[in-house]
Each structure stands twice: as structure tokens, then as C-alpha cells.
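Some notes on the structure that comes next.
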Amino acid sequence: MKHTEANFDGLVGPTHNYAGLSFGNVASSQNAKDASHPKQAAKQGLRKMKALMDMGMVQGVLAPQERPDLYALRRLGFNGSDANVIAQAAEQAPHLLRACCSASSMWTANAATVSPSADTSDGKVHFTPANLTNKYHRSLEPETTGNILKAMFKHEQHFAHHQHLPDNEHFGDEGAANHTRLCAKGDYGHTGVELFVYGRYAFDSSKPAPKKFPARQTFEASQAVARLHGLQDENVVFMQQNPDLIDQGVFHNDVIAVGNQNVLFYHEQAFLNQEQGFNEIRQKLGQDTPLHFIEVKTQDVSVQDAVTTYLFNTQVITLPSGDMAIIAPTECQENQAVSAYFEKLLTLNTPIKKVHFFDVKQSMKNGGGPACLRLRVALSEQELAAVNPNVMLTDGLFHTLDNWIEKHYRDELYSKDLADPQLINESRTALDELTQILNLGSVYRFQQD
Ligand code: SUG
């Protein structure tokens, strides 16, 4: 049976802004308080989705979350009418208002960890929303993420949904950004090896850990997700991220490594105990599945260049022709070392034959590249047929969403605009219409009250 990998990209929400909320994420800190362009951001993302669809890829859409999050603000003691809640927060705690307005759910590589049915003990596709405990603004996402995923992947016969891990730093979980599935080339349907990459141990302080910036993902969280998904020990590998790199702004593994089928593309400094980990991957995948380990040396691309260009936050995709292509942000093209590296890569006789560049600058300014914007779900034909069809991109849906963005999104948003109570209605009107377009039902709390 044919298996495909579908990409579900996050639609950028109407409150997209730069609030400097992510300590350890260099772009987020550097661009704090700049004016943002929500309409442009949403259209950049939508255009990338359309381009992948036009390349013959299976492409879906993941809806944004309700922001401002008035429920979160009320939970923190702001009260009265919705407009009052916003006004009080703007005056007394503008940092909390900014956090509750973040459109960060757009980075769906952090929405969940997904294990395809070929790997799981019950033969279902498993989803665990990420708890994102390390950042307050992101910790507001998992419950709604779970609701949206359930509305997209409804059939219990094929799909299993878990609750996010306990909301505690010990089980800090950032989802697919720290999870890579490797398998035979051209075949998502055979059991693969699921590589979980963590930043620190939560219950053993004697182990290496970063000193300056937080390690968001714990070993214990990765282990728990593997258990929940019913993965077998012989199909799972855990590797630790190099803590020095977290201190240089590599806040997720997908900022320094990316894999697809039989390719692992990574920076030479990405992992601790690299050879040991790679040997385990080789041994668990077996001799029939030789892997291409494409290592980028520091002398070719520095860690700093990798962080500013997002060379590794690229999507490595298998095209219908069987060749692989890289989907990269235009920042890579603009950097001499990285563009020279790409030229070299295409001569290396690896499965990667082409590089496509996309302008996702609005997302990049908050530290989110092409790979952050998508959640990968490998599906059999039957499973794909069971996905809510309204979330799958077609030319028709592309035009509907393009018009929807045009109608509801602001061109520009400044930090002070977050105090505008009108933004609540704008955002809710847009999302209410979106749930109808995508046939999601009432996934938002404002629709349930
Ligand atoms: O969690 N930025 C996100 C970027 C996530 C990127 N995702 C992956 N690497 N998969 C984060 O740090 C910034 C929001 C702000 O500062 O306004 C933010 O949340």
C-alpha cells in the first residue's frame, strides 16, 4: 500500500507580532517590538503551502489559535468585560498581554509529536500535543492544538490522540521539532527509526546541560512520548543535543538538523556522543536501509550562520519523482557561505537534487523557518482518505484562504495595537469563518461559551 508524507502547515493567525517572548531564540529577541505584517505573514505561509502542493506534495492546513487569549488573562486575575480585561492587562502587565496575543501556534513543528502507524504497537497514527512548558505564551497552546488535531484526524480506527504531557518543566516537550523519523528511501510505510533529540535530563543534574539558554526538551519527556505511542525499543533512538549549541541559539534540534527517509542532514556540532547515536541508528535500521549522513562542517558553515539563515530549518521532501528537494528560506540564498554550501551539496551525489527558496521572512523574524511551519504526518492511502478533507489544500481552498486573509487581516500591527479591543472581534470573526471553511466544528473556547 502506498504511504505518503503529508505536511500540515500552520496558518499564521491575525495577531502575528514581535514581542521578544522567547529567551534563547535569537531572532525573537532581536526583533522584539518591531512592527509586524500579519497579512503578509499569512500569505507568505500560504504561498509556501501552495508551492509544495504544486510540486505534487500532499499539503494540509492547521488552523491558528484564538488570540488574544482572554481565558488566560482572566485566569491571571484580569476581569470585567472582554474590553476591560484587555485594558487592565495593557496597563498593569503589558508583557502578559503580549504573551496572550502571540500567534506562535503557526509553528506547527511544535504542535505535536506524530508517530506513523508503521511504528506503533496498535497500528494507528499517534499524536501527542506538545506541552511547550518552557515559554508561557506557548504553554497556552496544547489544549486547543489537541482539539484541532482531533477535528482533523477524527477516525478512532486510524488515529490515537494522547493528552499533552504534564505541564511541568520536568516533562518539557516541544513536539516534532525534536523528533525525526528515518526509514527506507521512497517508503514511509515500513517501520522506521524514530530519533528523539533532547536538551537535558530533568531528573539527573550531573548530566551535561546548557549554561546560558534553556534546554526546552527533556529526556524524560521524549521517553514518555515514545512510551505513549507504543514504539518498540528497537525502533527508537535518543540523542542529546550539544548543550553548547543551545547556548548559541539552537533552541530546537530542527535549527541544526533535519531528516527525511534515508537522509540525515546536520551540522557537525549538532549532537553529543554523535558516533554512538549514529551507530545505534544504523544498527536499528538494518543493513537494507543504508543512510546518507550529510554532515556540514563548521569550516563550511559556522553555527552562527546556521542560526541566522536556518540552513537546517529546511524541509527535506521526497518529490513524486523520487528525488529529494530542500525547501529553504531566502535568508540562505542571501548568505555567501550557505549558498556556496548548497551549490556543493547538489554535487555530492546524495538523494537531494534541488533547492527551492521561499520568502517566509515574517516568520523568520520570530525564529520560525520553513520547517517550523509544518507538521509532518506519514499516512497510508486509507488513513489519508480518513483525514477531514476540508483541511487538505486544493486550488479552491488556496483561493478561499487567500480571500479570507485579505478580508480579515491587518496589514500592520504595532505592540500598542494589541491593546485595541477591536482586535478581539476581528480575530474571532475570522476564526469563526475559518472553522466553517475547514469544517472543524467548535474547536475554540469562544465558540463553546
Ligand atoms: O517557540 N518563536 C517560536 C519559534 C518556534 C520555532 N519552531 C521550531 N524551531 N520548530 C519559539 O521560540 C517568538 C514569539 C515572539 O517573540 O513574539 C516565538 O514564540
Candidates Ala385, Ala27, Ala177, ranked by Gaussian network fluctuation over the chain, Cα under 10 Å, top entry: Ala385
Could you rank Tyr310, Tyr201 by how accessible they are, 1.4 Å probe, largest area first? Tyr201, Tyr310
Ranked from highest to lowest mean number of other Cβ atoms within 10 Å per residue, what is the order of the peptides 80-88, 115-123? 115-123, 80-88
Do you know the relative contact order of the chain, to the nearest whole percent, from alpha carbon pairs under 8 angstrom that are 6+ apart? 23 percent
For the pairs Lys50/Lys284; Lys2/Lys154; Lys43/Lys154; Lys2/Lys124, flag any whose C-alpha to C-alpha distance is greater than 25 Å. Lys50/Lys284; Lys43/Lys154
Candidates Gln157, Gln304, Gln333; GNM for the chain (alpha-carbon contacts under 10 Å) flags as most fluctuating Gln157
Would you give the gap between the C-alpha center of region 252-266 and the C-alpha center of region 163-186, rounded to a whole Å? 14 Å
Here, Thr298 and Ser206, labelled 7 Å along Cα→Cβ, have an inter-label distance in nm of 2.8 nm
Fully extended contour minus Cα-Cα distance, from Tyr71 to Ala83, at 0.36 nm per residue: 3.0 nm
If you look at just the Cα atoms of region 166-211, how large are its Rg and its Dmax in Å? 14.6, 42
Residue-by-residue Karplus 3J(HN,Hα) for region 105-121, coefficients 6.51, -1.76, 1.60, Hz, glycine and proline x: 5, 4, 8, 6, 5, 9, 6, 6, 9, 10, 10, x, 4, 5, 9, 9, 5
Evaluated at q = 0.14 Å⁻¹: base-10 log I(q)/I(0), Debye formula over Cα of the chain: -1.39
Considering only protein heavy atoms and a probe of 1.4 Å, how much of the accessible area of region 3-448 is carbon and sulfur, as a whole percent? 46 percent
Rounded to the nearest 5, what is the percent of antiparallel bridges among the DSSP beta bridges in the chain? 50 percent
Which residue, Phe238, Phe293, Phe171, has the most motion in a Gaussian network model of the chain that connects Cα atoms within less than 10 Å? Phe293
If you count, for each residue, the other Cβ atoms within 10 Å and average over each peptide, how do 70-77, 132-139, 343-350, 12-19 line up from highest to lowest? 12-19, 132-139, 70-77, 343-350
Where does each of His408, His229 land when they are ordered by accessible area, with a 1.4 Å probe and the largest first? His408, His229
Per residue, how large is the accessible surface of region 3-448? Use a 1.4 angstrom probe and give square angstrom. 37 Å²
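The values are calculated or read from the model by the stated rules, or taken from the named source; none is laboratory data. This structure is a prediction, so every number in the text was calculated from the model and none was measured. Cβ coordinates were reconstructed from backbone atoms using ideal geometry, including for glycine residues, and neighbour counts include every protein chain displayed. Only protein heavy atoms, including side chains, enter the accessible area calculation; ligands, DNA and RNA are left aside. Shrake-Rupley method; radii C 1.70, N 1.55, O 1.52, S 1.80 Å.
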